[in-house]
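Step one of this worksheet: look at the structure below.
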Amino acid sequence: MLEASFDFFVRPFVEFAFMRRALIGCVAITLGAAPLGVFLMLRRMSLTGDVMAHAILPGAAMGYLVAGLSLPAMTLGGILAGVTVALLSGAVARATLVREDASLAAFYLISLALGVLLISMRGTSIDLMHFLFGAVLALDDAQLLLIAGVTTLTLPVFALIFRALVAECVDPAFLATVRGRGGWVHMVFLTLVVANLVAGFQALGTLLVVGVMMLPAVTARFWARNLMGFIGLAIGCGIAASFAGLLASFHFALPAGPAIILAAGFAYTAGIVFGPVTSVVRSRWPRKHLTG
């Protein structure tokens, strides 16, 4: 029994380097992206992550057109495109009657269409699938270093703006009255989101990387009662989903990226039904108060 468990859960990562690389990459992505996903959720910006994930596509595609499958060119193009979309959507919202969520939705559709068009001009359907769904089982040293570098940069910057983000979640108007801090904190936060999406894009593609950022964060809402609990559970859920998805991919010949996201989706579904904080079971049989 013990040997069978070892063969199923551990041996794939012991014997195969590509499995170890994939797991290390997914863990690094989760450490940087999941805490950001928690604040996207708390600030009611959950769809912003999806928009930003698609916003990086035309920039990465432009880098691909210029330099081929060059990691620095695609990374720089993706970051520039994501930050540009964030700035433009904010500018449109301030200069017109269109709200920021509506302008983000518009840029999301434009970015997705432009990115697919640019890739199709030079690449093949295989290249398009790689951009959209990634290749987590084919991570090389350069991609792992990029992911690890972005995570290493994200964590201290996130720690520096942590209190400001918490204050903005509690009172969105507060930071705007304190030396205009709200604007730059918001932009630093969005830059971190874009950087982590670009790094994760190398492994999971634009369509799936936002799942690693948002699904664990939303799942944690059903189980945690405080902010640090949200963050810790989101990271734990993301790592567990990565581990389970990679195992499912190895043993049952499934595509690794979708398997990881479906594993996170399974955890989310379990939270909907059984979560102790808010869930179907909790609403049917609420805890009794002031009894006895």
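No lab work stands behind these numbers, since they all come straight from the coordinates. Predicted model, so just to flag it, every value in this text is computed and none were measured. All Cβ positions, even for glycine, are placed from backbone atoms using ideal geometry, and neighbour counts span all protein chains on display.
I need the shape label for the stretch 183-260. Rule: rounded when a/c is under 1.5, else prolate if a/b > b/c, else oblate, with a, b, c from the alpha carbon gyration tensor. Let's see the in-between values first.
Numbers: a/c = 3.31, a/b = 1.34, b/c = 2.48.
Oblate, since a/c reaches 1.5 and b/c is not below a/b.
I'd like to compare 25-31, 138-144: which one has the highest average count of other Cβ atoms within 10 Å, and what's the full order after that? Provide the component values of the computation, followed by the final result.
Working: 25-31: 24.0, 138-144: 14.9.
Taking the mean over residues of other Cβ atoms within 10 Å, the ranking is 25-31, 138-144.
Percent relative contact order of the chain, based on C-alpha pairs within less than 8 angstrom and at least six residues apart? Please report the intermediate quantities before stating the final value.
Details: 423 pairs, mean separation 73.3, N = 292.
The value is 25 percent.
Given only helices, namely DSSP H runs of n ≥ 4 each adding -39500 (n - 2.57), what is the per-residue ellipticity at 222 nm of the chain, to the nearest 500 deg cm²/dmol?
Numbers: 12 runs with 238 residues, N = 292.
That comes out to -28000 deg cm²/dmol.
Quick one: putting +1 on the C-beta of Lys and Arg, -1 on the C-beta of Asp and Glu, what dipole do you get for the chain around its Cα centre, in Debye to the nearest 20? Could you put the intermediate results ahead of the total?
Working: 17 positive and 11 negative charges, 213 e Å.
Rounded to the nearest 20 debye, it is 1020 debye.
Might you report the magnitude of the Cβ-based charge dipole of the stretch 1-153 about its Cα centre, with Lys and Arg at +1 and Asp and Glu at -1, to the nearest 20 debye? Let's see the in-between values first.
Details: 8 positive and 9 negative charges, 95 e Å.
Roughly 460 debye for the stretch 1-153.
Which one, Val218, Ala248, Ala264, projects farthest toward the positive side of the charge dipole computed for the chain from Cβ point charges (K/R +1, D/E -1)?
About the Cα centre, the residue reaching furthest to the positive side is Val218.
Based on alpha-carbon centroids, what's the gap between the stretch 11-77 and the stretch 209-247 in Å, whole number please?
Value for the Cα centre distance between the two parts: 16 Å.
Take each uninterrupted DSSP H stretch in the chain, measure its Cα extent along the helix axis, and return the ones at 24 Å or beyond whose mean Kyte-Doolittle hydropathy is at least 0.0. Let's see the in-between values first.
Working: long enough: 17-42 (37 Å, 1.72); 46-67 (33 Å, 1.13); 71-95 (36 Å, 1.56); 100-122 (33 Å, 1.40); 141-170 (41 Å, 1.68); 181-220 (33 Å, 1.58); 227-252 (37 Å, 1.79); 256-274 (27 Å, 1.74).
Flagged H segments are 17-42, 46-67, 71-95, 100-122, 141-170, 181-220, 227-252, 256-274.
Quote to one decimal, in nm, the extra length available between Ser5 and Leu227 on full extension: 0.36 nm per residue of separation minus the C-alpha distance between them.
Computed gain between Ser5 and Leu227 is 76.4 nm.
Where a ≥ b ≥ c are the square roots of the eigenvalues of the C-alpha gyration tensor, would you call the chain rounded, which needs a/c under 1.5, or, failing that, prolate if a/b is larger than b/c, or oblate? Each step should come with its number before you reach the end.
Values: a/c = 1.79, a/b = 1.01, b/c = 1.78.
Cα axes put the chain in the oblate bin.
How much length is gained if the chain between Leu160 and Arg99 is pulled fully straight, taking 0.36 nm per residue apart and subtracting their Cα-Cα distance, in nm to one decimal? Write out the running numbers ahead of the final one.
Numbers: separation 61, 0.36 × 61 = 21.96 nm, distance 2.89 nm.
The span from Leu160 to Arg99 would gain 19.1 nm if fully extended.
Across the chain, where is the longest run that never hits chymotrypsin sites (Phe, Trp or Tyr not before Pro) in a DSSP loop with at most 16 other C-beta atoms within 10 Å? Write down the numbers at each step before the final one.
Numbers: sites that count: Phe16, Phe174.
That gives 17-173 as the longest site-free run.
Report the gain in length on full extension from Val273 to Met187: 0.36 nm times residue separation, minus Cα-Cα distance, nm rounded to one decimal. Intermediate results must be reported in sequence, preceding the final value.
Numbers: separation 86, 0.36 × 86 = 30.96 nm, distance 3.60 nm.
Result: 27.4 nm gained on full extension.
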